[in-house]
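Written out below as structure tokens is the structure these notes cover.
The values are calculated or read from the model by the stated rules, or taken from the named source; none is laboratory data. Nothing here was measured: the structure is a model prediction, and the numbers come from that model. Here the Cβ positions follow ideal geometry from the backbone for every residue, glycine too, while neighbour counts run over all protein chains shown. With ligands, DNA and RNA removed, areas are computed over all heavy atoms of the protein, side chains included. Shrake-Rupley method; radii C 1.70, N 1.55, O 1.52, S 1.80 Å.
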Amino acid sequence: MVFRWFSKRLSQRSANYLNALIILFCYVSGKTTYRKSETKSNINLDQLQHTLHNYRITDLKRDFLKQRPVAVWITGLPASGKSTLASNLEKALLERGFFTQWLDGDYLRNGLTKDLSFTDDDQEENVRRSAEVAKLFLESNIITICTFISASERLRTLARDIIGTSQFLEVYANCPLEVCVQRDDKNMYGRALHGGVTNLSGVNFPYEPPRFPWLQLYTSYHSVDDCTNQLLEALLPRIKI
Ligand SMILES: Nc1ncnc2c1ncn2[C@@H]1O[C@H](COP(=O)(O)OS(=O)(=O)O)[C@@H](OP(=O)(O)O)[C@H]1O
Ligand SMILES: Nc1ncnc2c1ncn2[C@@H]1O[C@H](COP(=O)(O)OP(=O)(O)O)[C@@H](O)[C@H]1O
């Protein structure tokens, strides 16, 4: 924090001098040696340089995109409206000059997570990998919209821990199962009820609603536009610089 505060106020050249001074101090005081293999104590010169580099890069990226990155993590039953919300939100944000990336379970399962099924362990691995990808986008200062069933508190905590609590905004697409069944374009529920699909959340796999979501959208009571506007209104103060 202190380094960041200082380097914001210094010119690039002065910041470089400051970095050099800190590194020199560590070297002279014997806290570290120049070569990694000979490190004497817990201050690692490479790490220090990497951290200082990242502070500067983060500032540059923030200046470049002029937004605060967060992960909008939308959870809910299949056909509860997660993808519809995400696509509407993404459009609304882009129209307002924000830069976004949408990570969707259905989509990633055709590539990055193609090897995974819907067993308990594979759902966890799906969420873990996706959250790691989200984290990379956040490091590039990109507002990241994530749509995953992520059926349990445990899975969502995993995602929150990877992404970081302060940047993780949990949104619950709250829709009663009966309505999801009616809306199900992909006939997932129909197939699950006839034994053609196993581990479908809401049918033969438990869905645990979030206890304290950042935002809850009632997608069976409110229109797509209303839900998108509620989400946008809550989000704008978090992403504006
Ligand atoms: N058990 C099972 N078998 C086959 N297909 C299934 C199953 N569960 C979910 N789906 C479909 O996969 C879509 C993506 O799921 P997710 O990656 O979000 O699921 S999870 O978070 O890993 O549980 C998910 O997309 P959405 O309908 O948009 O939620 C479903 O279409
Ligand atoms: N708020 C809403 N009001 C009315 N219909 C909705 C709403 N949200 C989603 N839908 C409809 O429900 C269906 C499933 O939505 P979808 O976004 O594909 O769900 P999910 O991504 O959770 O599987 C779609 O046909 C969509 O148009």
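Out of E178, E132, E170, which single residue is in the same structural domain as L77 (by TED's automatic domain parsing), open to solvent by 10 Å² or more (accessible area, probe 1.4 Å) and under 29 Å from K66 (Cα atoms)?
Unique residue meeting the criteria: E132.
Can T157 be described as of a type in the set (S, T, N, Q) and surrounded by fewer than 19 Cβ atoms within 10 Å (Cβ to Cβ)?
Yes, satisfied.
Take the residues in the stretch 178-201 that are of a type in the set (V, I, T) and in contact (Cβ under 8 Å) with a residue 24 or more places away in the chain, then tell me which one is nearest to S117 (Cα to Cα).
T198
Tell me, yes or no, whether the stretch 210-220 has at least one residue that is at pLDDT 95 or above, in the same structural domain as S83 (by TED's automatic domain parsing), surrounded by 13 or more Cβ atoms within 10 Å (Cβ to Cβ) and touching a Gly at 6+ places or on another chain (Cβ under 7 Å).
yes
When the stretch 185-200 is examined, which residues are found to be within 8 Å of ligand 1 (Cβ to nearest atom), in a loop (DSSP other than H, G, I, E, B) and either open to solvent by 50 Å² or more (accessible area, probe 1.4 Å) or out of contact with any strand residue (DSSP E or B) (no Cβ under 7 Å at 6 or more places or on another chain) (or both)?
K186, V197, T198, L200
Quick one: in the stretch 184-202, which of the residues that are over 9 Å from P78 (Cβ atoms) and under 29 Å from the mean Cα position of the chain (by Cα) is farthest from ligand 2 (Cβ to nearest atom)?
T198
What are the residues in the stretch 59-114 that are closer than 18 Å to A159 by Cβ, among the hydrophobic types (A, V, I, L, M, F, W, C) and assigned to a loop (DSSP other than H, G, I, E, B), if any?
Hits for the stretch 59-114 are V70, L77, L112.
Would you mind finding the one in T113, T144 that is more than 13 Å from ligand 1 (Cβ to nearest atom) and either crowded, with 23+ Cβ neighbours inside 10 Å or assigned by TED's automatic domain parsing to the domain that holds F99 (or both)?
Going through T113, T144 in turn, the sole match is T144.
List the pairs whose first member sits in the stretch 148-169 and is at pLDDT below 95, whose second member is within 16 Å of ligand 2 (Cβ to nearest atom), and whose Cβ atoms are under 8 Å apart, counting only residues at least 6 apart or on separate chains?
Taking only residues 6 or more apart or on different chains, not a single pair turns up.
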